[in-house]
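A short worksheet on the structure shown next.
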Amino acid sequence: MSDGVGVPIIYEENRIKVIDALKNGWIDYLDLADWTFQDRFFAFLLGIRFFEICGASYPSPREKEEVALWFLLACKVQMKLHTTAAFDELPGILRSGAVLSRVKFNVGGNNGGFNNKNKKERSSPVHHDTARKFYKDTDPMQMRHWHNTEVQRFIRHNRGFDKHGIFLLDQTHLVVPDNANYKDAVRMPVDEHGQLIDMSGMTAEQKKAIKYHPCYALSELLHIGKEEPSFIFAGYQLGPGNVDELEQGMPIEERHRQIKNFWRINKFTSPDRSLVEAHVLFTLLTYSLVQLYLNKNHLTAIANKTIQSLRSEEQIGINSVIVYSGAYFAVFDLDDYTEIIIDLNEEARSRLQKWIKVFKERDKFKGS
């Protein structure tokens with residue numbers, strides 16, 4: 001993550017190291033919280049250093065890093081997990097996850113922000129407009145190149161591509177609002193879901209009755225694993241809706257259905273070209289990273305579940321204790337945590353009690 005001045009500190013999930021620290025009373029923070037699919041997913045991304053490695057090659061539009069770039073990437077991925085393109089929903093989203101809800105502890109210093117310029121306590125470590133402007137100012141073609149090259153190298157390095165798998169190239173259409181500010185959107189004979197209407201057998205009168213919708217054409221290169229049935233977007237192109245349609249692929253229609261109906265890839269909140277690009281890119285990227293997570297954790301049996309199903313069904317449960325120590329954190333259920341605490345020796349118990357007292361005083365001071 002970050003130390004508040006942009007120096008990356010990755011908090012990696014490591015149960016063994018944290019248990020050893022906890023048994024000796026050496027902890028930095030602990031919290032009682034729900035532990036959900038998205039928390040485990042973010043712990044996975046931190047563990048494989050996605051934000052750190054891919055963030056290093058992201059085409060940042062900023063010469064000075066007021067907010068750590070890794071965190072702005074994390075914000076966008078978190079937004080996609082909540083299937084939204086609206087940046088004004090970001091503050092609430094950041095408080096919804098057990099890992100990122102602790103971000104003020106991880107990066108905030110006294111102000112809960114990154115640049116130490118805040119005069120008042122923040123409810124969120126970054127203002128939603130700061131994140132929005134960052135992506136609005138990023139060149140869309142550079143952003144796309146980053147996804148199609150550097151991100152794919154990272155996925156390949158983490159064995160996201162099966163050497164026996166196949167790559168399918170296909171195209172779908174993303175309908176946009178009837179707004180002239182959506183540059184390059186072209187009116188096409190598609191329904192509201194972006195499906196091309198077959199007009200080959202229609203009469204002239206029937207063709208006149210067809211409603212044309214403004215849309216973009218999204219061409220996707222999809223990798224389908226053979227050994228483990230995961231689905232990763234290995235590249236994409238976004239352009240005017242009348243670009244020639246590519247040859248139709250197979251199981252790929254299910255990917256189209258999911259990214260449109262459940263991941264809401266066509267629910268734009270702004271016609272700005274860079275924000276459109278960022279919305280499409282991070283929807284495809286987050287989908288791929290979720291598939292990589294499921295593959296790495298041998299959960300490919302649920303690879304076809306919708307994001308809503310994953311969020312609601314893939315839970316360890318409530319009343320988990322998250323313990324931070326050094327660069328690591330671990331999640332315990334209450335029984336495991338209680339057993340460790342009960343067995344502490346006197347020195348470790350005393351050290352932990354002193355920490356709890358200091359922490360309570362710190363919270364009391366911040367609340368006054």
Residue tally, condition surrounded by 11 or more Cβ atoms within 10 Å (Cβ to Cβ) and in a helix (DSSP H, G or I), over region 340-353 | 8
Can you pull out the residues in region 59-72 that are surrounded by 21 or more Cβ atoms within 10 Å (Cβ to Cβ) and at pLDDT 90 or above?
-> 72
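Yes/no matrix, rows are residues, columns are (1) in contact with a Lys or Arg (Cβ under 8 Å, 6 or more places away or on another chain); (2) at pLDDT 90 or above; (3) assigned to a loop (DSSP other than H, G, I, E, B):
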{"position": "242", "(1), (2), (3)": "no, no, yes"}
{"position": "247", "(1), (2), (3)": "no, no, yes"}
{"position": "250", "(1), (2), (3)": "no, no, yes"}
{"position": "268", "(1), (2), (3)": "no, yes, yes"}
{"position": "283", "(1), (2), (3)": "yes, yes, no"}
{"position": "286", "(1), (2), (3)": "yes, yes, no"}
{"position": "290", "(1), (2), (3)": "no, yes, no"}
Can you tell me which residues in region 45-58 are closer than 17 Å to residue 137 by Cα and surrounded by 15 or more Cβ atoms within 10 Å (Cβ to Cβ)?
-> 55, 58
When residues of region 9-37 are filtered for being outside any strand (DSSP E or B), in contact (Cβ under 8 Å) with a residue 12 or more places away in the chain and out of contact with any Ser or Thr (no Cβ under 8 Å at 6 or more places or on another chain), how many remain?
-> 9
Restricting the search to region 142-165, which residues are surrounded by 13 or more Cβ atoms within 10 Å (Cβ to Cβ), of a type outside the set (D, E, K, R) and farther than 12 Å from residue 58 by Cα?
-> 152, 154, 155, 158, 160, 161, 165
Exclusive hit being part of a strand (DSSP E or B), in contact with a helix residue (DSSP H, G or I) (Cβ under 8 Å, 6 or more places away or on another chain) and within 30 Å of residue 70 (Cβ to Cβ), set 174, 168 = 174
Subset of region 294-306 that is of a type outside the set (Val, Ile, Thr) and surrounded by fewer than 22 Cβ atoms within 10 Å (Cβ to Cβ) - its residue that is nearest to residue 151 (Cα to Cα) | 296
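The values are calculated or read from the model by the stated rules, or taken from the named source; none is laboratory data. On a predicted model such as this, the values are computed, not experimentally measured, just so you know. FYI the Cβ positions are ideal-geometry reconstructions off the backbone, even for glycines, and counts take in every protein chain you see.
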